[in-house]
Structures are given as C-alpha cells and as structure tokens.
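Worksheet: the structure to be examined is printed underneath.
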Protein chains: 4
Amino acid sequence: MPKNDVELEFIETEINVRYAETDQMGIVYYANYLVWFEVGRVAWCKAKGFHYAEMESTDKRYLMVAEAHCRYKAPAFFEDDITVRTGLVRATDRVIHYCYQICNKSTGQLLATGETKHVVADMSLRPSRLPNRYRKYFGLPEVKITNYE
Amino acid sequence: MPKNDVELEFIETEINVRYAETDQMGIVYYANYLVWFEVGRVAWCKAKGFHYAEMESTDKRYLMVAEAHCRYKAPAFFEDDITVRTGLVRATDRVIHYCYQICNKSTGQLLATGETKHVVADMSLRPSRLPNRYRKYFGLPEVKITNYE
Amino acid sequence: MPKNDVELEFIETEINVRYAETDQMGIVYYANYLVWFEVGRVAWCKAKGFHYAEMESTDKRYLMVAEAHCRYKAPAFFEDDITVRTGLVRATDRVIHYCYQICNKSTGQLLATGETKHVVADMSLRPSRLPNRYRKYFGLPEVKITNYE
Amino acid sequence: MPKNDVELEFIETEINVRYAETDQMGIVYYANYLVWFEVGRVAWCKAKGFHYAEMESTDKRYLMVAEAHCRYKAPAFFEDDITVRTGLVRATDRVIHYCYQICNKSTGQLLATGETKHVVADMSLRPSRLPNRYRKYFGLPEVKITNYE
C-alpha cells in the first residue's frame, strides 16, 4: 500500500527551463516532464548516498522503466525555475516505485504530479535483483551473509 | 465509459528508431514514447481528414495534454521499424482521450501501450471548445446553426 | 575580426549530464551540445543583466540561429558535471556571434568548442535590429534619441 | 580535396516535422537539424547496402562525431515534409566526412546545409579503422589479404 504523500520524504532538486524544452505552444513539451522525473531520480539517489551511474557501471544493474504517468496541471515556461520533488513510494529488491511533484519554484504552484515504476534488470535487460549493498538506500532490510547473490 | 480495445479503430503510422532516441542502456529512452504518441495523433488527424497544424494556426485551438500514461513491455532498439497505433477512446467538445499501441513492425510484438487526455484550449491556454467544423472528426454530432460559438 | 580567445570574457554556467542526453554509445549525443550552447547563452544574458525570455516576450525580438559549429574533442558521460563557458565574439545590431567552451568541471578537460551566429529577427521572423535598450549588453554604443527605431 | 557538390551523389530520405521538434519561436529548434543529419546518415548506409546498427553491434566500430556544422537559411515548421539529402564528401579508413542538404519537400526550398566529420572508433572509443568489409561502401579500394586488421 503506497504511503500517503504527507508521510513521504521528498528530495528536491532544481532546474531552469531550457529553450529546447519549449514547443510552439510556448510551453514546455509534455515529454520533457519525464526527463525531469529522471533528473529527480538521480538527485534522489545522490541524496541517499549513491550514484545511479555507479549502479550501472560497477554493479551492472539497471532500473528499467516499466510504467510512467504524468498529470499536467499548469504549464511551465522558458526560464522558469522549477523544483522537482522525488519520493520513494515503495521498493522491493525487484521493483522500485517513485512519485514526483513538479512545482514552479518562485510561486510554489504545483505544475504536475507523476509516478514511475521500475524493474531491476541486469546487463541483458532481464529481470534481476537489487545488489545487496543498495538495499539500505531503498529502505530494505539487510540480507544475511548466507543470502549470497 | 471507454470502449473496448477490440472495438476501437486504430490508425497506424510507422517510424524508424533514431540513434538520438536511444540512451546508454542501448534502448529507446522512455520519454520518447510520448513523442511517438504525438506522431500517432498527427497521423490520426490526417487519416480523419484534417491537419492538426491547421487547427492551431487557423482555428487557434490547442489540444493541451492533461494526462499521459505509458506501460513499457519490451524495449525498442536503434533502427527498429515501429508501428504506432492510435485510437480515439472518447471525445467531448472539451476533452479528447486517445490510446496507443507501440509495436515492433517486423515481429508484431507489443512494446508499449499508453493513453493521453487533452483539454481543448484557446490561444491564452484557457479551456475552450472544439470548433464546430472539427466535431465530425471526433465523432461528435453536428451542432445547429443557432449554437454559435 | 574575432577577438582572440584569451581576450574574450567568458560567462560560466554548470550543468549535470542527464541520462536522456546519452545515446547507445554510452556518451552524450552530439546534438545536445547545441542545447548546452543555448543554456550558455541564457546564462550569458543573465550575467549581462537581462533575460532572453523578456527580449522575446516584451520586445518581440528573436535571436534566430543562422549558423552553428561544434568540434568534439572528448566525450561527456552521464552524471558528469559540465562547465559551459560562453563568450561574445562580435555583435552588431543585426548579427550576434557567440563562442563556447564545454569542459568537464572536475578534471577541467576541454570536451568541445563551438560557435553560433544569430540574426536579430522580429515576430514574423524577418531580419530586424536589436532594441536600443539591449545595445549596451552587447557592447554597442548608445544610439542618439534621433535614431528612433 | 572535397568534391564539388554537383559531382556528389546524394541519398534522399524524408521526414515529417514533429511537434516535439518545434520551439516557442514556432519553428524547428536548431539542434534538431543534427538529429536529421543522423537520420540522413542512416539512410545513406542503407542505400549503400549495410545497416549502421550492424557496424556497431557486429563489428564493434562506431563513427564518433568529431565535428558538426550547420548553416540555417530558412525555418522549418510543424508538419512540413522535409527531404534530407546526404552525400559522402571524403572517406579514409579512419575519417568519414558527410555533407547534407535539408529541403522543404513541397516547395523544394533549401532550408539548411551542413557537414559532419566522424572518426572510426572501437568499443573503448579509441581511434580505430573501418573493418575491411565496409571499405567498399565508402568507395575505398579493397585491401589485400596480407593487410590484416
């Protein structure tokens, strides 16, 4: 059962809207919010104490996206300062579930909310498990030494 | 109530995966599926008999995205031929709801499914209504002449 | 005659490489350097005392790209901290010429150099002139009041 | 010495401008032309008889971009049909040099011209040589069996 948003710990990071991210409607193109979610996940990992880049390069595990959802409430504009708030909804050693809030930093207005679900995969993109040393970052109990990977 | 997928008429269009669309996992980056959904919508409009570009430039109406959802089932790779199948789930003169199937053209494998919801907006990005002459494309009954916009 | 790089004043801004910016070669896709140049230009404007967004929205002038050039010397990787250094090579009230250096912030290594040339355009994308109040930012002499726009 | 444009054989491919490719100026964002150049290169390889994807996956050789240049002559708009014309300027087994013409398909108007230079690299992104079996595609003489790679 996903925790209530109020209970969730959100990690914040900031971005400034790039010209490249706008479209001819004069607002940020909708697919770019998923890029911002990814920026939020990277910041979340860093805040927890590890680099996502290392999980890939050293431990050969990927967090493949299985599902993404975004609700757009108000547009974002070029040069706006944006706050990306990222929370961990739920994690097992096979599936990670994040949620996001995209806000205008100056006004505090909520621009979008979203969620992504990820499956842990190995280098061949087959389902795998979170390496033991990453379990603590996702709030999972340590596994005993007999549970070798 | 959304129609059953079986009843839906899907409009198909094809794309070839670009190098720019891949990421360092060696597969298509997840946000690009929303770009493909948009390519699908444009093809859907064309198949119905109008250009989305004209709805914007001539009639000053935009289909702003209010919600987007994608479920990723299998990865897409560089140079893959992709079929984007776009169906209209439901339409009013204020809200349009599309669904999508992304398939590998050669194998027929379903790679992803998705949905987007759009609100009709005017040039100031305020909620508006579909111009009368577009109603028929979305399966809406003609309005009588007394119902001026 | 473009000034020597040594004489140029460079404005610096920083970015962190996004996963979305990588490609299946495992490095940043080459077109993204032009996006970074744009981020550099926006930072340059801010450092000079104005917002590029305002030049568009308030003064209805655009800096349309007429030419872009990039030399790639070493790859950039996911999560790298990047320094974008932007300098003004030359400006008239019709043509603006910028140059860029892209460096790895941690190592200081020069990853790429580039240049862009822009023509001042009006809302109809026709050649125009820099509004008077922006001349000083580009090192151009003030025009006398009789030179009305 | 690069050949005259007139002598060059151009391979043509077509694309339709995506909404995602526009920016708030209402035209195609300048970095996307480099994506189109890449689409042109992939079409060129296919026309010559091989898949660039295979050169990477089977032969472990990459064509890393060393330089890119684009001159923008007229804007491209959403839903425009674009012709990308790609020619090989010069090739050695270490360096490949392409040129491009971007045209509006309906009007024939030249929108942009460009060039890219690539170095052949191995999986570690170190300078390498074109595998022998690809030499013919780039107009290079066959090497004798004694010239082992």
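The values are calculated or read from the model by the stated rules, or taken from the named source; none is laboratory data. Predicted, not measured: the structure shown is a model, and the values here were computed from it. Glycine gets a Cβ as well: all are built from the backbone with ideal geometry, and neighbour counts include every protein chain shown. These area figures cover heavy atoms from the full protein model, side chains too; ligands, DNA and RNA do not enter into them. Shrake-Rupley method; radii C 1.70, N 1.55, O 1.52, S 1.80 Å.
Residue pairs whose Cβ atoms lie under 9 Å apart, sitting 6 or more positions apart in sequence or on different chains, and linking a residue in segment A:1-18 that is among the aromatic types (F, W, Y) to a partner that is modelled with pLDDT of 95 or more, are A:F10/A:W44; A:F10/A:R85; A:F10/A:T86; A:F10/A:G87; A:F10/A:C99; A:F10/A:Y100; A:F10/A:Q101. Taking segment D:33-77 as the range and being touching a residue at least 12 places away in the same chain (Cβ under 8 Å) and assigned to a loop (DSSP other than H, G, I, E, B) as the test, the residues that pass are D:G49, D:F50, D:D59, D:K60, D:R61, D:K73, D:A74, D:P75, D:A76, D:F77.
Checking the structure you have, find out if any residue of segment C:125-133 is closer than 19 Å to A:Y19 by Cα, hydrophobic (A, V, I, L, M, F, W, C) and surrounded by fewer than 19 Cβ atoms within 10 Å (Cβ to Cβ). Checked against the condition, which is being closer than 19 Å to A:Y19 by Cα, hydrophobic (A, V, I, L, M, F, W, C) and surrounded by fewer than 19 Cβ atoms within 10 Å (Cβ to Cβ), segment C:125-133 yields at least one hit.
Close Cβ contacts (under 7 Å, 6 or more residues apart or on different chains) running from residues in segment C:107-124 that are open to solvent by 60 Å² or more (accessible area, probe 1.4 Å) to residues that are modelled with pLDDT of 95 or more and of a type in the set (D, E, K, R) comprise C:L110/C:K73; C:K117/C:E67; C:M123/C:K60.
Residues that are of a type in the set (A, V, I, L, M, F, W, C), in a loop (DSSP other than H, G, I, E, B), closer than 24 Å to A:I15 by Cα and at pLDDT 95 or above are absent from segment A:79-87 altogether. Is it the case, given these coordinates, that C:H118 is at pLDDT 95 or above, over 12 Å from the mean Cα position of the chain (by Cα) and closer than 15 Å to A:Y19 by Cβ? No; evaluated as a whole, the condition is false for this residue.
Screening B:K48 against (1) open to solvent by less than 50 Å² (accessible area, probe 1.4 Å); (2) away from chain D (no Cβ under 14 Å); (3) within 13 Å of the chain's Cα centre (by Cα); (4) not acidic (D, E) leaves a single unmet condition, (1).
Only residues that are within 14 Å of chain D (Cβ to nearest Cβ) and not aromatic (F, W, Y): list them for segment B:51-74, please.
Correct list: B:H51, B:A53, B:E54, B:M55, B:E56, B:S57, B:T58, B:K60, B:L63, B:M64, B:V65, B:A68.
The listed residues are B:R61, B:R18, B:R94, and the only one of them that is farther than 15 Å from D:Y19 by Cβ, among the basic types (K, R), under 17 Å from the mean Cα position of the chain (by Cα) and surrounded by fewer than 21 Cβ atoms within 10 Å (Cβ to Cβ) turns out to be B:R94. Is it the case that C:T116 is within 26 Å of D:H69 (Cβ to Cβ), among the polar types (S, T, N, Q) and more than 11 Å from every other protein chain (Cβ to nearest Cβ)? Here the answer is no, as C:T116 does not meet what is asked.
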